[in-house]
Each structure stands twice: as C-alpha cells, then as structure tokens.
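Data block below; observations after.
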Amino acid sequence: MDQAIQDFINGKRIAVVGVSRNKTKFGNMAFTELAARGYQVFAVHPTAQEIAGARCYPNLTALRGQVDGALVVVPPQQAMSVLREAAAIGLKNVWLQQGAESSQVLALARDLGLNLVAKKCVLMYAPPVRSFHAWHCFFARLFGQF
C-alpha cells in the first residue's frame, strides 16, 4: 500500500471537507461511514452550524491541531483553497476524493509538499473495508492495482 494512503488511514481524526446538507451526497456518506469505522470525524461546511446532528466547522483553520488529515470532497475550484489552507495550518495528510482533483489541484499539492492521495476512494482503504468495497479491494489486490 502506498505510504501516503497508509499515513492518512493511520490518522484517527479526519476532517471531511464537503459535508453537505443533502444526506445522499458522498461527503455525508463518507462522514458517516468513517465514524462507523472508528474515526473521529469533523464536518467542514462554510455556513452550516450543524448537519445531521454533527457540529460543523467553517474551515480547516477552525480545526488547527485537532485533525490528522483532511478528506476533500469538493469540486476542484474549491479544492485549491482547501489545499492552501491545509498547508497554512501545517496539515500534511490530504485525500482528494475522486472528483476533487484536476491537473492544477495535483500540481498545487505537489508545490505545497502535501502528503496527497488522489484518484482513489477512501472507503476502499479505511479499515475495516466493508460491502462492495471489500470485493473491489480483493480484485484490485489480485491484479496488483491496490
């Protein structure tokens, strides 16, 4: 397993940037599933005070020193500012969920020296891996793509 992935999933306090008021969005599903897997998760939303009973933080700066990593589930345009903010507060472990990356976002992450995971689903790696993600992992390992 890639070291950046290992470093991210070993951190137990994760900010989920992109939790939505819409409970069917991936940010919400990831937030709920990571909590169910034993992670301490923090919802980041720029204007909401609370979503689904969880306190929301307006940005990563409000979580300075409280989190080990940030899962980014926002469009690439917004991801750029999230990466800059992560670097500014010294947060190194960042996971760009599929859809949050672009060539510019990836280049910025490199320039900022972030420990970055991109183009992979966090739910395939954060233990314990369940449901269809377990099958996906099995086949990825089988074909040397994990």
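I need every pair where a residue in the range 87-98 that is on the phi > 0 side of the Ramachandran plot has its Cβ under 7 Å from the Cβ of a residue that is in a loop (DSSP other than H, G, I, E, B) and surrounded by 15 or more Cβ atoms within 10 Å (Cβ to Cβ), sequence separation at least 6 or different chains.
Final answer for the pair search is none.
Please work out which residue is surrounded by the most Cβ atoms within 10 Å (Cβ to Cβ), limiting yourself to the range 80-131 and to residues that are of a type in the set (A, V, I, L, M) and part of a loop (DSSP other than H, G, I, E, B).
Leu91
Given the conditions (1) in a strand (DSSP E or B); (2) touching a helix residue (DSSP H, G or I) at 6+ places or on another chain (Cβ under 9 Å), and given that Arg55 satisfies all but one, which numbered condition is not satisfied?
(2)
Taking the conditions exactly as written (part of a strand (DSSP E or B) and surrounded by 15 or more Cβ atoms within 10 Å (Cβ to Cβ)), does Leu34 satisfy them or not?
Spelling it out, it is not the case that Leu34 is part of a strand (DSSP E or B) and surrounded by 15 or more Cβ atoms within 10 Å (Cβ to Cβ).
Looking at the range 37-55 only, could you name the residues that are hydroxyl-bearing (Ser, Thr, Tyr) and surrounded by fewer than 20 Cβ atoms within 10 Å (Cβ to Cβ)?
Answer for the range 37-55, where residues must be hydroxyl-bearing (Ser, Thr, Tyr) and surrounded by fewer than 20 Cβ atoms within 10 Å (Cβ to Cβ): just Thr47.
Quick check: is even one residue across the range 46-66 of a type outside the set (Val, Ile, Thr) and within 21 Å of Gln6 (Cα to Cα)?
yes
Could you list all residues from the range 8-26 that are in contact with a strand residue (DSSP E or B) (Cβ under 6 Å, 6 or more places away or on another chain) and surrounded by 22 or more Cβ atoms within 10 Å (Cβ to Cβ)?
Those that are in contact with a strand residue (DSSP E or B) (Cβ under 6 Å, 6 or more places away or on another chain) and surrounded by 22 or more Cβ atoms within 10 Å (Cβ to Cβ): Phe8, Ile14, Ala15, Val16, Val17, Val19.
Restricting attention to the range 35-53, and to residues there that are touching a residue at least 24 places away in the same chain (Cβ under 8 Å) and out of contact with any Cys (no Cβ under 9 Å at 6 or more places or on another chain), which single residue is nearest to Tyr125 (Cα to Cα)?
Restricting to residues being touching a residue at least 24 places away in the same chain (Cβ under 8 Å) and out of contact with any Cys (no Cβ under 9 Å at 6 or more places or on another chain), the top hit is Arg37.
Here, each number is a calculation from the coordinates, and none is a lab measurement. This one's a predicted model, so the numbers in the text were calculated from it and none came from an experiment. Counting neighbours? That spans all protein chains shown, and the Cβs are built from the backbone with ideal geometry, glycine included.
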